[in-house]
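Novice: To start, I am sharing the structure in question, which I have written as structure tokens.
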Amino acid sequence: MNKNDEVEYCNLELRFDRQHIQNLIKDLIKEGYSLYWSENENVFLISVRTGRKLVKLRFQQIKGGYKLVGDYMIRDARLSEWMEKLIGDMRGHAVVKRFRDRQIIIENIMFGEVIRLVEISGYQQRVLFQKGPLLTDQELSKLFYSVEGEERIRQRRVEVDEELDRLNEALRSKDDSLITACRSKLALLSRELDLLEW
């Protein structure tokens, strides 16, 4: 990453316990950052100085721990690397936007893994990577004329049923990260079923 690059972290879904936050503070101090922190009954705030800027990481108190909330624009390469390692280690969810010259690269991360990578240049948008069950036109044609297509439809319907059960459990237990993950997976499965059944 260039020093001039800006990286924005949005829709973060990272969960921590108190000990983990204390370890994060130690890690940032070891990395040489100047920081301070404060806390009230709702929020634990860590303010990290990067050059002349101050990045305020907000950890909202939730049942059983804390959740990193908010959107963060970071110009410091080391802090960006640290944030990305954190998302990966915590198997978190995020939308990461990298701004370079006249180009934006957008990464959709789920469970610490990039599931979609899009490049935007001017008015043009290109999908560089898409993880998941989406099929090409050739694959769809081949499936249409084979029994494999019927089998795949049956498998996807079973997967949808299983995912709906998982979503139901997540809604009962009020597990926000699992609810988000289930809904995303259901959207991908529904899209593939639409293409297969069309």
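Novice: Looking at the stretch 70-96 only, could you name the residues that are farther than 26 Å from residue 32 by Cβ and touching a residue at least 24 places away in the same chain (Cβ under 8 Å)? Quick ask: steps written out before the conclusion?
Specialist: Restricting attention to the stretch 70-96, the residues satisfying the condition of being farther than 26 Å from residue 32 by Cβ are 91, 93, 95.
Listed by number, the residues that qualify are 93, 95.
Novice: Still on this model: Just one of (1) at pLDDT below 90; (2) closer than 13 Å to residue 16 by Cα trips up residue 43, so point out which.
Specialist: (1)
Novice: Take the residues in the stretch 29-47 that are under 22 Å from the mean Cα position of the chain (by Cα) and crowded, with 17+ Cβ neighbours inside 10 Å, then tell me which one is nearest to residue 98 (Cα to Cα).
Specialist: Here the answer is 46.
Novice: Separate question: Collect the residues in the stretch 90-132 that are outside any strand (DSSP E or B) and in contact with a helix residue (DSSP H, G or I) (Cβ under 6 Å, 6 or more places away or on another chain), keeping them in residue-number order.
Specialist: Taking the stretch 90-132 as the starting set, the residues that turn out to be outside any strand (DSSP E or B) are 90-92, 101-102, 111-112, 122-123, 131-132.
Answer for the stretch 90-132, where residues must be outside any strand (DSSP E or B) and in contact with a helix residue (DSSP H, G or I) (Cβ under 6 Å, 6 or more places away or on another chain): 112, 132.
Novice: Give, as residue ranges, the strands (runs of 3 or more DSSP E) completely inside the stretch 13-77 that count at least 3 residues that are closer than 23 Å to residue 173 by Cβ. Give the steps one after another, and end with the answer.
Specialist: On the way: elements: 34-39, 43-50, 53-62, 65-69, 72-74.
Ranges flagged: 53-62, 65-69.
Novice: Applying the selection to the stretch 89-99, what residues are loosely packed, with under 14 Cβ neighbours inside 10 Å and farther than 16 Å from residue 67 by Cβ? Please lay out each step first, then the result.
Specialist: Filtering the stretch 89-99 down to residues loosely packed, with under 14 Cβ neighbours inside 10 Å leaves 89.
Of everything in the stretch 89-99, nothing turns out to be loosely packed, with under 14 Cβ neighbours inside 10 Å and farther than 16 Å from residue 67 by Cβ.
Novice: So if I check each of 114, 43, 7, 55, which one is out of contact with any Pro (no Cβ under 9 Å at 6 or more places or on another chain), closer than 28 Å to residue 176 by Cα and touching a residue at least 60 places away in the same chain (Cβ under 8 Å)? First the steps, then the outcome.
Specialist: On the way: 114 fails: touching a residue at least 60 places away in the same chain (Cβ under 8 Å); 43 fails: touching a residue at least 60 places away in the same chain (Cβ under 8 Å); 55 fails: touching a residue at least 60 places away in the same chain (Cβ under 8 Å).
The conditions single out 7.
Novice: Okay, moving on. Against the definition (on the phi > 0 side of the Ramachandran plot and modelled with pLDDT under 90), how does residue 11 come out, yes or no? Reasoning before the result, please.
Specialist: On the way: on the phi > 0 side of the Ramachandran plot: yes; modelled with pLDDT under 90: yes.
It is true that residue 11 is on the phi > 0 side of the Ramachandran plot and modelled with pLDDT under 90.
Novice: List pairs: first residue in the stretch 164-176 and farther than 18 Å from residue 111 by Cα, second residue surrounded by 12 or more Cβ atoms within 10 Å (Cβ to Cβ) and of a type in the set (D, E, K, R) anywhere in the structure, Cβ distance under 9 angstrom, at least six positions apart or on different chains.
Specialist: As it stands, the answer is 169/175, since those pairs meet every condition given.
Novice: Condition check: within 15 Å of the chain's Cα centre (by Cα) and assigned to a helix (DSSP H, G or I). Does residue 87 satisfy that? Break it down stepwise before answering.
Specialist: Values: within 15 Å of the chain's Cα centre (by Cα): yes; assigned to a helix (DSSP H, G or I): yes.
Spelling it out, residue 87 is indeed within 15 Å of the chain's Cα centre (by Cα) and assigned to a helix (DSSP H, G or I).
The values are calculated or read from the model by the stated rules, or taken from the named source; none is laboratory data. What you see is a predicted model; the values in this text were computed from it and never measured. Cβ sites come from the backbone with ideal geometry, for glycine too, and all protein chains shown count toward neighbours.
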